[in-house]
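What follows is a short report on a single structure.
The values are calculated or read from the model by the stated rules, or taken from the named source; none is laboratory data. Since this is a predicted model, take the numbers as computed values, not measurements. Here the Cβ is made from the backbone with ideal geometry for all residues, glycine too, and neighbour counts use every protein chain on show. Only protein heavy atoms, including side chains, enter the accessible area calculation; ligands, DNA and RNA are left aside. Shrake-Rupley method; radii C 1.70, N 1.55, O 1.52, S 1.80 Å.
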2 protein chains.
Amino acid sequence: MQERGLKICIGQVDVTPGQPAVNTSKMLDVIAGAKRDGADLVVFPEMIIPGYIIGDMWERPDFLEDCEACGEKIIAASEGLTIAFGNIKTVPRYNNEDGRVRKYNSCYIAQKGQLVTIVTKTLQPNYREFDDNRHFYDKRKQLVDAYLKMSLTNEHVSMKFRKHGFEGEEINQAIFSFVGWMDKAYKPIEVNGLKLGFLLCEDSWDTDYTFSPIDILAPKCDVVFNLSCSPFTMGKNNKRNRIFSEKAIRHKTPIVYVNNVGIQNNGKTIYTFDGNSCIYDCKGKIKIPFDNFEEADTTIFLNIDEEFEHSDQQIEGVEILHESLHYGIKKFTEQLGIKRVVIGASGGIDSAVVAALFSEVISPKNLYLVNMPSQFNSQTTKDLAKDLANNLGCNYNVIPIGSSIELTRRQLQDQGFEVDSFTFENIQARDRSARVLAAISASVGGVFTCNANKSEITVGYTTLYGDLSGFASPIGDLFKTQVYELGEYINRINSHPVIPKEIFHIKPSAELSGDQNIDKGMGDPLKYEYHDKLFWSWIERWERATPCDILQWYIDGVLEKELNIEFSIVDTYFKGDKQFFIDDLERWWNLYDGFAYAKRIQSPPIFCVSRRSFGFDLRESQTKPFYSQKYCKLKKEIIK
Amino acid sequence: MQERGLKICIGQVDVTPGQPAVNTSKMLDVIAGAKRDGADLVVFPEMIIPGYIIGDMWERPDFLEDCEACGEKIIAASEGLTIAFGNIKTVPRYNNEDGRVRKYNSCYIAQKGQLVTIVTKTLQPNYREFDDNRHFYDKRKQLVDAYLKMSLTNEHVSMKFRKHGFEGEEINQAIFSFVGWMDKAYKPIEVNGLKLGFLLCEDSWDTDYTFSPIDILAPKCDVVFNLSCSPFTMGKNNKRNRIFSEKAIRHKTPIVYVNNVGIQNNGKTIYTFDGNSCIYDCKGKIKIPFDNFEEADTTIFLNIDEEFEHSDQQIEGVEILHESLHYGIKKFTEQLGIKRVVIGASGGIDSAVVAALFSEVISPKNLYLVNMPSQFNSQTTKDLAKDLANNLGCNYNVIPIGSSIELTRRQLQDQGFEVDSFTFENIQARDRSARVLAAISASVGGVFTCNANKSEITVGYTTLYGDLSGFASPIGDLFKTQVYELGEYINRINSHPVIPKEIFHIKPSAELSGDQNIDKGMGDPLKYEYHDKLFWSWIERWERATPCDILQWYIDGVLEKELNIEFSIVDTYFKGDKQFFIDDLERWWNLYDGFAYAKRIQSPPIFCVSRRSFGFDLRESQTKPFYSQKYCKLKKEIIK
């Protein structure tokens, strides 16, 4: 028997958000290559022409016009093969519910230089970074409108319906042939005698929706293609594999997942795209033909009856974390045209990891490590900062801040302002970033980095305009324990020394006062192996925990299990002191749910790697810290 | 004939977002007062128990539990009268499309201590600051699900529907009695023999929706109540009056609009709520019984047949702008517990207006004006800053930055870093804010303000960690010309001198270099009377303009008309030089659509007064400035 299949080119391209002409030119190159290789089909990701995470650019009519005109060029290039690609579709005669032109997130399918059909996205994500309903029309609303028409005779209303996308026969059609509409919306395209189905992203990730486009389409198809624009998050590929494998098995239909690479941002949060395009056979086994975070457009033969011997493994843990950050930093500095990078090197782990990451993408001569000691900095950390710079072979400067902070103290005191120890700590932090690093960056025509980690950002253990400033926050989505793990990984994969070993062993400390003397073993007030997991439960856990949950777990004796830490950690830290446990919980919750957010509002962009990063991913409001009635009850129970 | 009507208490209360217990206690007081006054009905605004703009707090189960438990207390208080109020409603056995518990934005109506009915919000705004679909379920999706059920026999899918909110009979019911569902969803409640309808916010602002709850409900009612949580924006009340008056006339039904006061924020943007609760008679005339931005809960008799002699006028223009900012600043400082405020006083208009605004809510002894001259500051502005402080009677300090900026220059040069003029300008700006103002704020236990205006923020004519820093940006939503207008207004309404007159006449300048010498008439590169309107068209105009629109208007000779400025302004500025016109356009667009956004990401919260303020209201992405194909074509046409 002859193999059933077709030659497909998966266009795992690097999309430039907001630049349709750039993306289109790249797509035309891919199509030309596919034609040379005799491909039957080229599939590009969702929103490959406009980009996806582009803020409110969707409100610019001439941008939309360009996207659709670029789409026409791709359609025209479909002589001799089939092309599927994501793009925006506007319907100028109808409006969105914001009063602007109606827009659909669409998959275009073209053959013989002509548009064959458009499949619009029905399931629209509105969680995390996604704002689909803000911009794209939901087909389901249109259907309700049609049904409502049945029961409305009022002439005014009837006129409104016509104005909004329904005309005489359409209304009846919608009402009486719902099944017909569905069939029309989700029907396969024939290529090489095979029935191919095309869906956008969430229309196959239907777990939490009542309506499932893939369950309607797949039974009619020999193979289903999913066009996505899906940002990288730790663990997300495995979740997709579970969902897609299950779909492939249930429908006995292979699924091809097509995702782009590149980076996109919503300002506060920068997302990397790993591609990870892959094929699920009808038994749910997975083949990942390309490397993560790499453009790919080789044409392969898709044998739709083939069963893979094994599933390709996803790269996981610190390895993929490193890949995402490396890629994100590389692409982001490229996109902003950044040539020189300045890093405040304290001798601690955070700045060391940030420096190591940047040294992978910026040449040593353009990388500036700056140590800015005050009287509170130990010789230990000063030496370690120098060792780090030596290891990286980059520029190294020492600019003491003593005279400047003393000048500030004196100027304030001369005017009658008291400068207490805490004020003096913050003066130091701001002096380093806003005075020295910012000036050096301007001088060399570069930028400086923010080295704050997620543990610190969560509770505002950073100084605004001090260590919380910088052009971007490369490790702002990593808890302190993850920073150590990443540092160790970087040392492991390099044959030459990168991060001096001693940096892993000194006590983490801000070194802003005598109370933070690392040589005396003094430092940060955070017990990272406990607090990291506590904070994780507030932010990244799917059902995000609140103090109420924490107390309930504590009472039930399952806190360590829920936080996924050793029993001994909580025990050693609190020694069974319930009041201390509660005080500690409230201390950090008050900061996280209170003042720390005031700092996050003004913090730099963060590279997202987790299931929930600060910024547009986790949306917040400056309110007073909230404790529920149940929390107060549990607290009383524990303390009494 | 006896007057048809009822005694109503409009609960125009000040909501504290995220604090259900606080809001509930206030509501119980209002209810007790209403009972004393013999009210038949108390109506509170939308989401009065939880607050509305609270970020992702909706994801906290114990917060939701508290809100619903508080709601029970309000319901129990309805002995002897009818109560309508907004609150969240969860349906734990079904899920939202993000996988979390299903939530409805709901209006609860209670009588005799019992819940009578719940009306959920169907039309959900997802524009500007609104994220309704992110959190609240849209009833229309549920209906589509029901209809889909008809065409799906697959057991798996059918199970899913049951899981998601439909049970045996419900499915058939939904399918076969759509009209029945609507009737049930939108039916009046009887009080005093009158039929009262209740709707939430957008369900009456239906202009851009195909489905109109008010058009279904109003014909069955003697009066319709609209419960809103509607942030203040210049001109919005007049828009609402047009829509609501038209509805009242069409349905010959009076409408009572109930809105809260207070402030709510989504971090980057702070919204004030003016209340502006009002009554529309059946001829569309308007009575506004309470003051804007004031709590009110007096019981009034609503004669539903009464026709008002005239419509009450809305307060508009600079007067309401001032009220909103005054109220916002007062409430925000109160909420954050801010007692002392430090303001960098340059002698220019921006800091003068900010100081004048804060002097209205902070006592002179807690207000610190600080002048920080360098060699580039003129005696003129130094004197004006002092005059301002004298007028306000507040603290005044002069802290020269000369030694500090020279120290920075020297420290950099000693290490081989060049300090050019531009670098030196930014060193000055950061020295003032991040060194001096931040330290003084910490010393006095207060905060310092950001005095940047919208013209500057639009194109990044500000220094990050310099004049763009501060705890909040009170005039960040006002273009420079509006700042002058507000300053003049403040002087007009005060009997004592506030802003020294000369401040209105000096050339606006940053005074950061010899090229910005105001005594020589040199200063900002912005021609505010033109650029303010240009920027307005990019940001606040409903159909936001792009460079493409600007060129088209320029070609068509309608630019001045579209920007609403005098013909002479464009003519005087560009003198018919087309190349200059285009260079100027691209210069500012490149900044607005490029680097300026990098600064906005890290800018302080802005008090929103306009139709579109920076932050979560206008969502952006760091991309390269975009010019469409059509723009390039028009540009060629103009230049050739």
Requested in this report: Considering every residue within the range B:564-572, establish whether at least one is within 14 Å of chain A (Cβ to nearest Cβ) and surrounded by 18 or more Cβ atoms within 10 Å (Cβ to Cβ).
Outcome: no
Query raised in the report: Just wondering, is there one or more residues in the range A:228-235 that are more than 18 Å from the chain's Cα centre (by Cα), under 28 Å from A:Glu307 (Cβ atoms), surrounded by 24 or more Cβ atoms within 10 Å (Cβ to Cβ) and among the hydroxyl-bearing types (Ser, Thr, Tyr)?
Result: no
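Looking at the range A:341-387, which of its residues are among the charged types (D, E, K, R) and closer than 27 Å to A:Lys520 by Cα?
As a first pass, look at the range A:341-387 and keep what is among the charged types (D, E, K, R): A:350, A:360, A:365, A:382-383, A:386-387.
Selection gives A:Asp350, A:Lys382, A:Asp383, A:Lys386, A:Asp387.
B:Cys548: more than 30 Å from A:Tyr597 (Cβ to Cβ) and either in contact (Cβ under 8 Å) with a residue 60 or more places away in the chain or polar (S, T, N, Q) (or both), yes or no? Spell out the reasoning first.
Values: more than 30 Å from A:Tyr597 (Cβ to Cβ): yes; either in contact (Cβ under 8 Å) with a residue 60 or more places away in the chain or polar (S, T, N, Q) (or both): yes.
Yes; evaluated as a whole, the condition is true for this residue.
Please enumerate the residues belonging to the range A:65-98 that are touching a His at 6+ places or on another chain (Cβ under 8 Å) and in a strand (DSSP E or B). Before you say what the answer is, go through the steps one by one.
In the first step, residues of the range A:65-98 are kept if they are touching a His at 6+ places or on another chain (Cβ under 8 Å); the result is A:94-96.
Answer for the range A:65-98, where residues must be touching a His at 6+ places or on another chain (Cβ under 8 Å) and in a strand (DSSP E or B): A:Tyr94, A:Asn95.
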Query raised in the report: Cβ-Cβ below 7 Å, separation at least six or inter-chain, first residue in the range B:232-260 and within 14 Å of another protein chain (Cβ to nearest Cβ), second part of a helix (DSSP H, G or I) and open to solvent by 20 Å² or more (accessible area, probe 1.4 Å): which pairs?
Result: B:His251/B:Pro219
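Just the residues that are assigned to a strand (DSSP E or B) and either over 22 Å from B:Leu468 (Cα atoms) or out of contact with any Cys (no Cβ under 7 Å at 6 or more places or on another chain) (or both), please, taken from the range B:262-280. Break it down stepwise before answering.
Start the filter on the range B:262-280 by keeping residues that are assigned to a strand (DSSP E or B), which leaves B:262-265, B:269-274, B:278-280.
Selection gives B:Gly262, B:Ile263, B:Gln264, B:Asn265, B:Thr272, B:Phe273, B:Asp274, B:Cys278, B:Ile279, B:Tyr280.
From the list B:Leu392, B:Leu407, pick out the single residue that is more than 10 Å from chain A (Cβ to nearest Cβ) and either open to solvent by 10 Å² or more (accessible area, probe 1.4 Å) or β-branched (Val, Ile, Thr) (or both). If you could, list the steps in order and put the result at the bottom.
Details: B:Leu407 fails: more than 10 Å from chain A (Cβ to nearest Cβ).
Just a single option satisfies the conditions, and that option is B:Leu392.
Does the range B:621-634 include one or more residues that are at positive phi and within 27 Å of the chain's Cα centre (by Cα)?
Within the range B:621-634, the subset at positive phi is none.
No, the conditions are met nowhere in the range B:621-634.
Suppose we filter the range B:445-488 for residues that are hydrophobic (A, V, I, L, M, F, W, C) and within 14 Å of another protein chain (Cβ to nearest Cβ); how many remain? Spell out the reasoning first.
Pass one, the range B:445-488, residues hydrophobic (A, V, I, L, M, F, W, C): B:447-448, B:450, B:452, B:457, B:459, B:464, B:468, B:471-472, B:475, B:478-479, B:483, B:486.
Cutting the leftovers down to within 14 Å of another protein chain (Cβ to nearest Cβ) gives us B:447-448, B:450, B:452, B:457, B:464, B:468, B:471-472.
Qualifying residue count, the range B:445-488: 9.
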Query raised in the report: From the list A:Glu562, A:Glu566, A:Glu543, which residue is touching a helix residue (DSSP H, G or I) at 6+ places or on another chain (Cβ under 6 Å) and of a type in the set (D, E, K, R)?
Result: A:Glu562
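Filter the range A:577-621 down to residues that are among the β-branched types (Val, Ile, Thr) and in contact with a Gly (Cβ under 9 Å, 6 or more places away or on another chain) and give me whichever is nearest to the other protein chains (Cβ to nearest Cβ).
First, the residues of the range A:577-621 that are among the β-branched types (Val, Ile, Thr): A:582, A:601, A:606, A:609.
If we keep only those that are in contact with a Gly (Cβ under 9 Å, 6 or more places away or on another chain) as well, we get A:601, A:606, A:609.
Values: A:Ile601: 5, A:Ile606: 10, A:Val609: 18 Å.
So, considering only residues that are among the β-branched types (Val, Ile, Thr) and in contact with a Gly (Cβ under 9 Å, 6 or more places away or on another chain), the one nearest to the other protein chains (Cβ to nearest Cβ) is A:Ile601.
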**Report entry** Qualifying residue in the range B:78-90 (condition: at the interface with chain A (Cβ under 7 Å from one of its Cβ atoms) and surrounded by fewer than 21 Cβ atoms within 10 Å (Cβ to Cβ))
**Finding:** no
**Report entry** Residue, nearest to B:Ile8 (Cα to Cα), within the range B:56-74, restricted to residues that are open to solvent by less than 10 Å² (accessible area, probe 1.4 Å) and more than 11 Å from every other protein chain (Cβ to nearest Cβ)
**Finding:** B:Ile74
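Could you say which residue among A:Ser473, A:Ser469, A:Ser495, A:Ser441 is of a type in the set (Gly, Ala, Ser) and either modelled with pLDDT under 95 or open to solvent by 30 Å² or more (accessible area, probe 1.4 Å) (or both)? Working first, answer last.
Details: A:Ser473 fails: either modelled with pLDDT under 95 or open to solvent by 30 Å² or more (accessible area, probe 1.4 Å) (or both); A:Ser469 fails: either modelled with pLDDT under 95 or open to solvent by 30 Å² or more (accessible area, probe 1.4 Å) (or both); A:Ser441 fails: either modelled with pLDDT under 95 or open to solvent by 30 Å² or more (accessible area, probe 1.4 Å) (or both).
None of the others qualify; the one that does is A:Ser495.
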Query - Unique match (being open to solvent by 50 Å² or more (accessible area, probe 1.4 Å) and among the acidic types (Asp, Glu)) among A:Glu540, A:Glu529, A:Glu511 - result: A:Glu529
Report task. Working carefully through the options B:Phe244, B:Phe225, B:Phe232, find the one that is part of a loop (DSSP other than H, G, I, E, B), modelled with pLDDT of 95 or more and not small (Gly, Ala, Ser). Result -> B:Phe232
Report summary line: When the range A:514-526 is checked residue by residue, the ones that are open to solvent by 40 Å² or more (accessible area, probe 1.4 Å) and of a type outside the set (D, E, K, R) are A:Gly514, A:Asn517, A:Gly521, A:Met522, A:Pro525
Query raised in the report: Can you tell me which residue in the range A:543-554 is surrounded by the fewest Cβ atoms within 10 Å (Cβ to Cβ), limited to those that are hydrophobic (A, V, I, L, M, F, W, C) and either within 8 Å of chain B (Cβ to nearest Cβ) or part of a helix (DSSP H, G or I) (or both)?
Result: A:Trp553
Requested in this report: Identify, by number, the condition in (1) assigned to a loop (DSSP other than H, G, I, E, B); (2) farther than 24 Å from A:Asp583 by Cα that A:Lys507 doesn't meet.
Outcome: (2)
